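Engineer: Pasting a structure below so you can have a look.
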Amino acid sequence: MERTFDVLEALAAARQPVPISELSQRLGLHISTVHRLLATLIERGYARQDSVTGRYGIGPRLVELAGGLSEQVDLRQETRPFLEQLAAQVGETANLSVRSGNNLVYIDQVQSARLVRMFTRVGSSAPLYCTGSGKLFLAYSPDFEQELERYLSQTTLEPRTPATFTTPQQLRNELLQVRQRGYSFDNEEMEEGVVCVAAPVFDGENQVVAAISVSGPTGRMSSLDSARIVEPIRRAALRVSEALGYRAG
């Protein structure tokens, strides 16, 4: 794995396609080893080979990731003040997450000032089906039925807790309610004793690009429909959405 990253970094540093012999010399690796590592990178789209010159350069997948990283940095900068305000207002940890395949990834967090608080490492991932934020990405998919069918064909609804939805029909019913409510919650479905409330962040094309959530212990988050918790989250998500070009209606 380390050698694969060495090859990728060498391709990026070269700034233009290079012959395999040059990569071999730079890395101090046998040409056959470099060729094998390049084959893996090409298969995943992180490298490419020029069909005319035979030289190697960075692939389209790496460019896509770089673009996605830039977008996430902009999203974090746009959202950070609202997360800070939200965490202070409700007294619980506020999170920002985006979808990555069949999971969500936490890209920012503002922790509660309380001694007993929820903590999720930024950069960590979680399933979609049993998290408040994750259910938003499923519920607001452009082609809801097709996307849900595809997701279920690739995902096992494992019972994380006794409250986890473990059948396709249960999950579908829950997602339809999420769309109707306009927000989502995870009522001890991912972890016992932890409740999460989440609202969607839309972009200028009315697509859900992120989720803002608040998580805390069950005892402090027992009234999921209370204005103290739900409305500030929805308001923060709406303000970020508007900053991204979203217009309701």
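Engineer: So, by mean Cβ neighbours within 10 angstrom, what's the order for 102-112, 38-48 with the highest one leading? Intermediate results must be reported in sequence, preceding the final value.
Structural biologist: Numbers: 102-112: 18.9, 38-48: 16.8.
Highest mean packing first, the order is 102-112, 38-48.
Engineer: Where the only charges are on Cβ atoms (+1 Lys, Arg; -1 Asp, Glu), what is the dipole of segment 2-58 about its Cα centre, to the nearest 20 debye?
Structural biologist: Details: 7 positive and 6 negative charges, 15 e Å.
So the dipole magnitude of segment 2-58 works out to roughly 80 debye.
Engineer: ³J(HN,Hα) across segment 165-177 via Karplus (A = 6.51, B = -1.76, C = 1.60, θ = phi - 60°), whole Hz, x for Gly/Pro?
Structural biologist: After applying 6.51 cos²θ - 1.76 cosθ + 1.60, I find 6, 10, 10, x, 5, 4, 5, 4, 4, 5, 5, 5, 5 Hz.
Engineer: Let me ask something else about it. Note down the nm distance, to one decimal, between modelled labels 7 Å out along Cα→Cβ at V52 and at R121.
Structural biologist: For the pair V52/R121, the computed spacing is 4.7 nm.
Engineer: Something else: Calculate one ³J(HN,Hα) per residue across segment 30-37 by plugging θ = phi - 60° into the Karplus curve 6.51 cos²θ - 1.76 cosθ + 1.60, and present them in order as whole Hz with x for glycine and proline.
Structural biologist: In residue order, the calculated couplings are 5, 4, 5, 5, 4, 4, 5, 5 Hz.
Engineer: Also, quick follow-up: Going by average Cβ neighbours within 10 Å, how do the peptides 165-172, 77-84, 124-131 rank, with the highest at the top?
Structural biologist: Sorting 165-172, 77-84, 124-131 by mean packing, highest first, produces 124-131, 77-84, 165-172.
Engineer: Near L136, within a Cβ-to-Cβ distance under 10 Å, what is the net charge of the other residues, with Lys and Arg +1 and Asp and Glu -1? Can you show the working numbers first?
Structural biologist: Working: positive: R99, K135, R179; negative: none.
Computed value for this residue: +3.
Engineer: Sort segment 2-58 into rounded, prolate or oblate with this rule: let a ≥ b ≥ c be the square roots of the eigenvalues of the Cα gyration tensor; rounded if a/c is under 1.5, and if a/c is not under 1.5, prolate when a/b is larger than b/c, oblate otherwise.
Structural biologist: Working: a/c = 1.29, a/b = 1.15, b/c = 1.12.
Judged from the Cα gyration tensor, segment 2-58 comes out rounded (a/c under 1.5).
Engineer: Per the helix-only calculation at 222 nm, which mean residue ellipticity applies to the chain, given -39500 (n - 2.57) for every DSSP H run of n ≥ 4 and division by its residues, nearest 500 deg cm²/dmol? Can you show the working numbers first?
Structural biologist: Details: 8 runs with 113 residues, N = 249.
Calculated from helices alone, the mean residue ellipticity at 222 nm is -14500 deg cm²/dmol.
Engineer: Could you tell me whether segment 117-249 comes out rounded, prolate or oblate from its Cα gyration tensor? Rule is a ≥ b ≥ c as square roots of the eigenvalues, rounded for a/c under 1.5, then prolate if a/b exceeds b/c, otherwise oblate.
Structural biologist: Values: a/c = 1.68, a/b = 1.08, b/c = 1.56.
Oblate is the answer for segment 117-249, as a/c is 1.5 or above yet b/c matches or exceeds a/b.
Engineer: Two decimals is fine: what's Rg over Rh for the chain, C-alpha atoms, Kirkwood radius as Rh?
Structural biologist: Values: Rg = 21.7 Å, Rh = 20.1 Å.
Ratio of gyration radius to Kirkwood radius for the chain: 1.08.
Engineer: Hey, what do the phi angles of segment 210-221 turn into as Karplus ³J(HN,Hα) couplings, whole Hz, using 6.51/-1.76/1.60 and θ = phi - 60°, x for Gly and Pro?
Structural biologist: Once rounded to whole Hz, the list reads 6, 9, 9, 9, 10, 10, x, x, 3, x, 8, 10.
Engineer: If you don't mind, another one. What number, in percent, do you get for the relative contact order of segment 2-58 if the mean sequence gap of Cα pairs under 8 Å and at least 6 apart is divided by its residue count? Don't skip to the answer; put the middle values down first.
Structural biologist: Details: 64 pairs, mean separation 23.3, N = 57.
Here the relative contact order equals 41 percent.
Engineer: Here is a further query. Antiparallel DSSP bridges in the chain: what percent, to the nearest 5? Display every interim value, and only then the final one.
Structural biologist: On the way: 32 of 32 bridges.
Roughly 100 percent of the beta bridges in the chain run antiparallel, per DSSP.
Engineer: Given a Förster radius of 25 Å and the C-beta distance between Q154 and N187 as r, what FRET efficiency does 1/(1 + (r/R0)^6) yield to the nearest 0.05? Mind dumping the intermediate values first?
Structural biologist: Working: r = 25 Å, r/R0 = 0.99.
My answer for the efficiency is 0.50.
Engineer: I need the shape label for segment 147-196. Rule: rounded when a/c is under 1.5, else prolate if a/b > b/c, else oblate, with a, b, c from the alpha carbon gyration tensor. Numbers along the way, then the final one.
Structural biologist: Working: a/c = 2.30, a/b = 1.14, b/c = 2.01.
Cα axes put segment 147-196 in the oblate bin.
Since every read-out is calculated from the coordinates, none of them should be taken as a lab result. Quick caveat, the model's predicted, so the values are computed rather than measured. All Cβ positions, even for glycine, are placed from backbone atoms using ideal geometry, and neighbour counts span all protein chains on display.
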